[in-house]
Amino acid sequence: MGQKDVYILIISASATILIFCLSLIILFILFQRRREAYLQQINQTRIEVQEQTLKNISSEIHDNIGQILSTISIYSHTLFRAAPEDLKPKIVESQDLVEKAIVEVRALSKALNTDYVKNIGLLDSIQLEMQRLTRLKLLNAKLEIIGKPYRLNEETELIILRILQEFISNTLKHAKATQLNMDFEYTSKEFRIKAQDNGIGFEGNKYTGTGLINMKNRAKVIGAAINFESQLNHGAQLNLSYQNKQTN
């Protein structure tokens, strides 16, 4: 074998190795993209199932519990007319409690109902949520709006609302907080949210569990950036940013 043949063999072998390596890289990239698309589809399906479940619960609350409370209210008014005078103040007090319960049940039913939330939008939905928290004296909730509000697409707004509801739920369950502040900042290119409580907080990466996973997965579905900040005894903070793709 001559020197020229050796060079040709080396070049051929190098080209073969290079093509093989490039093929592996391309296959890896394609695999990663398909994997991401598959995980995205799984997350989207999971969210759709959760939303349908919440919608069913909303319907059950409205149709069953709401109806039972309304019936109790009717009976209490009948009882009031037949009751002795000394018992009427107690019946009136019970009637007030039942009426308050009806209001809160309806508010909860609306907050869980996908169609209702899509209709009124994210901003009005979270305002109602914050008002409910303050009205029930669960904590003092305040919402600040920065910039001129605009609507995002319905699915995006719904997912962001569920993320915020998850954060509120964690605050109520674990934080022992008395204050919850939210900032909605609207710019032409980006929508930013900061939600912060004054609870017991957590250490660095110790904020784990289903709630955190759900929030991160939901944010990933809509392409939003999300992170959490906290220190022990200094509360927890959620930061979310979403690139505005809508034309205003």
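Quick note: the coordinates plus some simple rules give every number you see, no bench work behind them. As the structure is a prediction and not an experimental result, all values here were calculated from the model. Cβ coordinates were reconstructed from backbone atoms using ideal geometry, including for glycine residues, and neighbour counts include every protein chain displayed.
Odds and ends about this structure:
- Peptides 223-235, 144-156 ordered by average Cβ neighbours within 10 Å, highest first: 223-235, 144-156
- Each Lys and Arg adds +1 at its Cβ and each Asp and Glu adds -1 at its Cβ; summed about the Cα centre, segment 59-157 shows a dipole of about 280 debye.
- Diffusion coefficient, µm² s⁻¹, Stokes-Einstein with Kirkwood Rh over alpha-carbon pairs of segment 121-248 at 37 °C and 0.692 mPa s: 221 µm²/s
- For segment 186-199, backbone phi angles converted through the Karplus equation (6.51, -1.76, 1.60; θ = phi - 60°) give residue-by-residue couplings of 9, 10, 5, 10, 8, 10, 10, 10, 10, 10, 9, 10, 10, x Hz, Gly and Pro being listed as x.
- Given charges at Cβ of Lys, Arg, Asp, Glu: segment 121-248 dipole, positive-most of Gln243, Phe167, Ile145: Phe167
- Using only side-chain charges placed at the Cβ, +1 for Lys and Arg and -1 for Asp and Glu, the dipole size of segment 121-248 relative to its Cα centre rounds to 140 debye.
- A simple packing score, the average count of other Cβ atoms within 10 Å per residue, orders the peptides 97-103, 75-81, 180-186 as 180-186, 97-103, 75-81, with the highest score first.
- Look at the alpha carbon pairs under 8 Å that are at least 6 residues apart: their mean separation over the length of segment 121-248 gives a relative contact order of 25 percent.
- Here the gap between His234 and Asp124, fully extended at 0.36 nm per residue and compared with their Cα-Cα distance, gives a gain of 36.7 nm.
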